[in-house]
Amino acid sequence: MGMTMTQKILAAHAGLDRVSAGQLIEADLDLVLGNDITSPVAIHEIEKMKVDGVFDKDKIALVMDHFAPNKDIKSAQHCKCVREFACRHDITNYYDVGEMGIEHALLPEKGLTVAGDVIIGADSHTCTYGALGAFSTGVGSTDMAAGMATGKAWFKVPSAIRFQLTGKPAKWISGKDIILHIIGMIGVDGALYKSMEFVGDGIQYLSMDDRFTIANMAIEAGGKNGIFPVDEKTIQYMEEHSKRPYKVYEADDDAEYDETYTIDLSTLRPTVAFPHLPENTKTIDEVGDIAIDQVVIGSCTNGRLEDLKIAASILAGKKVKKGLRVIVIPATQQIYLDAMEAGYIRTFIEAGAIVSTPTCGPCLGGYMGILAENERCVSTTNRNFVGRMGHVDSEIYLASPAVAAASALTGKISAPEEE
């Protein structure tokens, strides 16, 4: 029996000819990632190990993004802990205020992740880099500490689900709609500890930003990782952003999959996940009349340039609904600059939105957009659990940048106007 794309990458990094689902392996790591919330725990653990430094100062990335700029004394202490560790060990890829961005947008932009890599990160959405044909997955802070010390990690090789994407999506259908549709179809545990492998002729119509969004939310279906095949778009992206060599792995024709789902992208409608789970999806035609108090456009899921472009195209020359709070967060400094040069930032401000420095802030209920009791928010983030963005009696509706921007104009969950 052949191997899936994920299994081939893991076999190569474990020094094995082949691996099979359920097998325990120790694999070499190409990158270990941490942020300002998870890294301090890992740092305290690595100090207990009494190891002499880190395994490779070039293969660790520490990104201050969740509460940076610091929102309070505790977050300042966390960042100080990571900053001092990075300085002490001369960590090459340390990103703080002025250089930082939301980690899962920043690392591909900086060229730190490429096809064929094995990457762990003490953040559940580390699976984002599967868009580039890498195996990447979230781990706990203790595993991050072991990775920083040894450059290795233990894995149970996952079995896989194949998602056959066919057809061309309609104008306003984005990667967010596709992954919300999939999660609504299989549930938040439908891919538990499995590799979600995306294939098919429909992929050619998906931009890299679409693919990052889909891979990012694999974890919301319980997936160990999400991964795309490497095509011309992938190679062009890597060559524009990275100087690192990459390696292309392809699934064997006789690779084994637990299930195969075929999704005709041309039939999809804008999709919204209702509270309080990403699987609680409805198409825009089923939403009904739901008034909202806030819109957030940003995050590691949908804060990239294409996302801002879509939102700006809908908001251009218009005003957000009176009394509605609209918060736009470019995912990195470079995206902020590019959006500014393209005129998107002016569009947002003139429409009545605010634009923030890159941060994860509101997504995890940190700052920059906390919800009060009984408030509703349409958000391009990835989770809508109870209390995720603030009060336990608030509600989060997950949607694409197009739906978020359209809703900002009407004050209720709305579809963008058809042309």
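Would you work out what percent of the accessible area of the chain, with all protein chains in place, is carbon or sulfur (probe 1.4 Å)?
Within the chain, the accessible surface is 49 percent carbon and sulfur.
Would you mind giving the average projected area, over all directions, of the Cα convex hull of segment 342-402 in nm² with one decimal? Intermediate values should be presented prior to the final figure.
Working: hull surface 18.2 nm².
The orientation-averaged projected area of the Cα hull of segment 342-402 comes to 4.5 nm².
For every other residue with a beta carbon closer than 13 angstrom to the beta carbon of Ile43, add +1 if it is Lys or Arg and -1 if Asp or Glu, then tell me the sum.
Net charge in that neighbourhood comes out at 0.
Please give the direction-averaged projected area of the C-alpha convex hull for segment 53-104, in square nanometres with one decimal.
Approximately 3.6 nm², given one-decimal rounding.
Which one, (1) 20.4, 63; (2) 20.5, 67; (3) 29.6, 96, gives Rg and Dmax of the Cα atoms in Å as derived from the coordinates shown?
It is the value labelled (1).
If one computes the Cα centroid of segment 78-134 and of segment 138-164, what distance in Å separates the two points?
Their Cα centres are 15 Å away from one another.
Need the list of aspartates and glutamates near Lys319 for cross-linking: C-alpha distance under 18 angstrom, and skip anything on the same chain fewer than eight residues off.
Asp293, Glu350, Glu417
So, counting K/R as plus one and D/E as minus one, what does the shell of residues with Cβ under 13 Å around Lys152 add up to? Could you put the intermediate results ahead of the total?
Values: positive: Lys59; negative: Glu26, Asp28, Asp30, Asp56, Asp143.
With Lys, Arg at +1 and Asp, Glu at -1, the net is -4.
Select from Ile413, Ala191, Ile349 the residue farthest towards the positive end of the dipole of the chain; place +1 on Cβ of Lys and Arg, -1 on Cβ of Asp and Glu, and compute about the Cα centre.
Value: Ile349.
Could you pull out every one of the lysines with an alpha carbon less than 25 Å from that of Lys168, ignoring same-chain neighbours closer than 8 positions?
Straight-line reach from Lys168, under 25 Å: Lys176, Lys233, Lys282, Lys309.
Enumerate the amide H contacts of Leu371 below 5 Å, restricted to partners 5 or more residues apart or on another chain; note that Pro and chain-start residues carry no placed amide H.
Gly390, His391
Where only protein heavy atoms count, and the probe is 1.4 Å, what is the accessible area per residue for the chain in Å²?
Counting only protein heavy atoms, the per-residue value for the chain is 39 Å².
What percent of all Cα-Cα pairs in segment 92-242 falls into each 5 Å bin, going from 0 up to the bin containing the maximum distance?
Going out from 0 Å in 5 Å bins, segment 92-242 shows 2, 9, 19, 23, 20, 15, 8, 4, 1, 0 percent.
Give me the percent relative contact order of segment 36-131, please, defined on Cα pairs under 8 angstrom at least 6 residues apart.
After rounding, I find 32 percent.
Return the sequence-ordered ³J(HN,Hα) values of segment 168-182 in whole Hz as given by the Karplus equation 6.51 cos²θ - 1.76 cosθ + 1.60 applied to θ = phi - 60°, using x for Gly and Pro.
Karplus values, whole Hz, x for Gly and Pro: 9, x, 5, 3, 8, 8, 10, x, 5, 5, 5, 6, 5, 4, 5.
I'd like the accessible area for Met1: 1.4 Å probe, protein heavy atoms, all chains in place, Å² to the nearest 10.
140 Å²
Pick from Cys79, Cys300, Cys87: which is most flexible by mean-square fluctuation in a GNM of the chain where alpha carbon atoms under 10 Å apart are linked?
Cys87
Can you give the alpha-carbon Rg of segment 283-419 over 2.2 N^0.38 Å, where N counts its residues? If you can, show how the numbers build up before the last one.
Values: Rg = 13.5 Å, N = 137, 2.2 N^0.38 = 14.3 Å.
Taking the Cα Rg and dividing by 2.2 N^0.38 Å, one obtains 0.95.
Starting from the Cα of Lys152, draw a straight line to each of the lysines and keep only those under 29 Å, dropping any in the same chain fewer than 8 residues away.
Hits, sequence-local ones excluded: Lys8, Lys48, Lys50, Lys57, Lys59, Lys80, Lys110, Lys194, Lys224, Lys243, Lys247.
Amide H neighbours of Cys360 under 5 Å, at least 5 residues apart or on other chains, H built in the peptide plane: list them.
The answer is His66, Ala68.
Taking each pair of distinct Cα atoms in segment 224-323 once, what is the resulting Kirkwood hydrodynamic radius in Å? Could the numbers behind the result be given before it?
Numbers: mean 1/r = 0.0542 Å⁻¹.
It is 18.4 Å.
Return the Rg/Rh value of segment 15-94, two decimal places, where both radii are evaluated on C-alpha atoms and Rh is the Kirkwood radius. Show your work: numbers first, answer last.
Working: Rg = 15.4 Å, Rh = 14.2 Å.
Result for segment 15-94 is an Rg/Rh of 1.08.
If you put +1 on each Lys and Arg Cβ and -1 on each Asp and Glu Cβ, how big is the dipole of segment 217-327 around its Cα centre, in Debye rounded to 20?
1260 debye
Count charges around Ala221 for me, please; just the other residues with Cβ under 10 Å from its Cβ, Lys/Arg as +1, Asp/Glu as -1.
Residues near Ala221 contribute -2 overall.
Take every Cα-Cα pair in segment 12-149 and report what % of them are more than 18 Å apart.
Result: 53 percent of Cα pairs exceed 18 Å.
Taking springs between alpha-carbon atoms closer than 10 angstrom, which of Tyr257, Tyr95, Tyr336 fluctuates most in the Gaussian network model of the chain?
Looking only at Tyr257, Tyr95, Tyr336, the largest GNM fluctuation is found for Tyr257.
The values are calculated or read from the model by the stated rules, or taken from the named source; none is laboratory data. Just so it is clear, the structure is predicted and the values come from calculations on it, not from any experiment. FYI the Cβ positions are ideal-geometry reconstructions off the backbone, even for glycines, and counts take in every protein chain you see. Surface areas here come from the heavy atoms of the whole protein model, side chains and all, with no ligands, DNA or RNA. Shrake-Rupley method; radii C 1.70, N 1.55, O 1.52, S 1.80 Å.
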